[in-house]
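Colleague: This is the structure I want to talk about, given as structure tokens.
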């Protein structure tokens, strides 16, 4: 079943209540037995889905923990991009980076949610003469240790956090906030909204944001993506998210996966 996670939880609790009530009932009729069978089936499905989702997330965590330790590999391979050549990784990054509005300039600040060991941030910083103020967060402790080595002059700018967590970053303090290959892949839709609101909170008014690796419902190349989201959803959510000027693009070397850039109001 593909209902919203919060609705699923509410329905689960309601059906659990019905199940317990029917089991405790002494004189049951045929409809009571129907309710028992229906609620049991739905509860079992919910439990199976929850176990599957947990194992998938745990698998993603273990993947990034392991890749972050491959210190003899290129940064992009240590950040989960090992299936791409360095050329294709740079090409993919340039594609969305060049569409940020306003663009990244020398001396700007840039924060990445789901930063890995810093492949994207290091590439962007190199394009700007290593002049950027860089920060980031990731749920992998190994990844954060890795990025602190890359940006060893500012280790306090990096945090072991999930993207939906409140970040120890001041409101309206970042010129640009991005999430390259993390927010759009490893969160469900409700969590994406929560994380984007946090990204917007940190961004200066008029600053730019970019989020990548979403997949529409009819798109191919699902891979490790948790939830599919149509582009129309983000257009409808602009006011609630506090953003404007949404621009979509198809990611290079990533099948049907898309990104969007936007500006904070």
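Colleague: Determine, yes or no, whether residue 89 is assigned by TED's automatic domain parsing to the domain that holds residue 130 and in a strand (DSSP E or B).
Modeller: Criteria not met by residue 89.
Colleague: Looking only at the range 117-129, count how many residues are assigned to a loop (DSSP other than H, G, I, E, B) and within 15 Å of residue 148 (Cα to Cα).
Modeller: 2
Colleague: So which residues in the range 131-146 are within 21 Å of residue 57 (Cβ to Cβ) and surrounded by 24 or more Cβ atoms within 10 Å (Cβ to Cβ)?
Modeller: If the condition is that a residue be within 21 Å of residue 57 (Cβ to Cβ) and surrounded by 24 or more Cβ atoms within 10 Å (Cβ to Cβ), then 136, 137, 138, 140, 143, 146 are the ones that fit.
Colleague: Among the residues of the range 117-130, is there at least one that is loosely packed, with under 15 Cβ neighbours inside 10 Å, on the phi > 0 side of the Ramachandran plot and either at pLDDT below 95 or in the same structural domain as residue 161 (by TED's automatic domain parsing) (or both)?
Modeller: yes
Colleague: Being touching a strand residue (DSSP E or B) at 6+ places or on another chain (Cβ under 8 Å) and not in a loop (DSSP other than H, G, I, E, B) is the filter here; which residues of the range 160-191 pass it?
Modeller: Selection gives 160, 174, 175, 176, 177, 178, 179, 183, 184, 185.
Colleague: Yes or no: residue 66 at pLDDT 75 or above, out of contact with any strand residue (DSSP E or B) (no Cβ under 6 Å at 6 or more places or on another chain) and within 30 Å of residue 144 (Cα to Cα)?
Modeller: yes
Colleague: Could I ask something else about it? Counting only residues that are under 30 Å from residue 11 (Cα atoms) and under 16 Å from the mean Cα position of the chain (by Cα), how many does the range 50-96 have?
Modeller: Result for the range 50-96: 8.
Colleague: Taking the stated definitions as given, is residue 80 in contact with a helix residue (DSSP H, G or I) (Cβ under 9 Å, 6 or more places away or on another chain), surrounded by 14 or more Cβ atoms within 10 Å (Cβ to Cβ), at pLDDT 95 or above and outside any loop (DSSP other than H, G, I, E, B)?
Modeller: So residue 80 does not fit the description; no.
Colleague: In the range 164-212, how many are under 17 Å from residue 120 (Cβ atoms), modelled with pLDDT of 95 or more and within 12 Å of the chain's Cα centre (by Cα)?
Modeller: 8
Colleague: Tell me, yes or no, whether the range 103-112 has at least one residue that is modelled with pLDDT of 95 or more and within 23 Å of residue 224 (Cα to Cα).
Modeller: Yes.
Colleague: Sticking with this structure for a sec: Taking the range 246-265 on its own, how many of its residues are in contact with a strand residue (DSSP E or B) (Cβ under 6 Å, 6 or more places away or on another chain) and within 20 Å of residue 215 (Cα to Cα)?
Modeller: Counting residues in the range 246-265 that are in contact with a strand residue (DSSP E or B) (Cβ under 6 Å, 6 or more places away or on another chain) and within 20 Å of residue 215 (Cα to Cα) gives 12.
Colleague: Here is a follow-up. Looking at residue 207, is it assigned to a loop (DSSP other than H, G, I, E, B) and either closer than 22 Å to residue 161 by Cα or in the same structural domain as residue 109 (by TED's automatic domain parsing) (or both)?
Modeller: Against the criterion (assigned to a loop (DSSP other than H, G, I, E, B) and either closer than 22 Å to residue 161 by Cα or in the same structural domain as residue 109 (by TED's automatic domain parsing) (or both)), residue 207 does not qualify.
Colleague: For residues that are in a loop (DSSP other than H, G, I, E, B) and surrounded by fewer than 22 Cβ atoms within 10 Å (Cβ to Cβ), tally how many sit in the range 92-116.
Modeller: Going through the range 92-116 one residue at a time, the tally reaches 11.
Colleague: Looking at 256, 230, can you tell me which residue is in contact (Cβ under 8 Å) with a residue 24 or more places away in the chain, surrounded by fewer than 21 Cβ atoms within 10 Å (Cβ to Cβ) and farther than 18 Å from residue 178 by Cα?
Modeller: Testing whether each residue is in contact (Cβ under 8 Å) with a residue 24 or more places away in the chain, surrounded by fewer than 21 Cβ atoms within 10 Å (Cβ to Cβ) and farther than 18 Å from residue 178 by Cα leaves just 256.
The values are calculated or read from the model by the stated rules, or taken from the named source; none is laboratory data. If you're wondering where the values come from, they're calculated on a predicted model, not measured in any experiment. Neighbour counts are summed over all protein chains in view; Cβ atoms, including those assigned to glycine, are modelled from backbone coordinates with ideal geometry.
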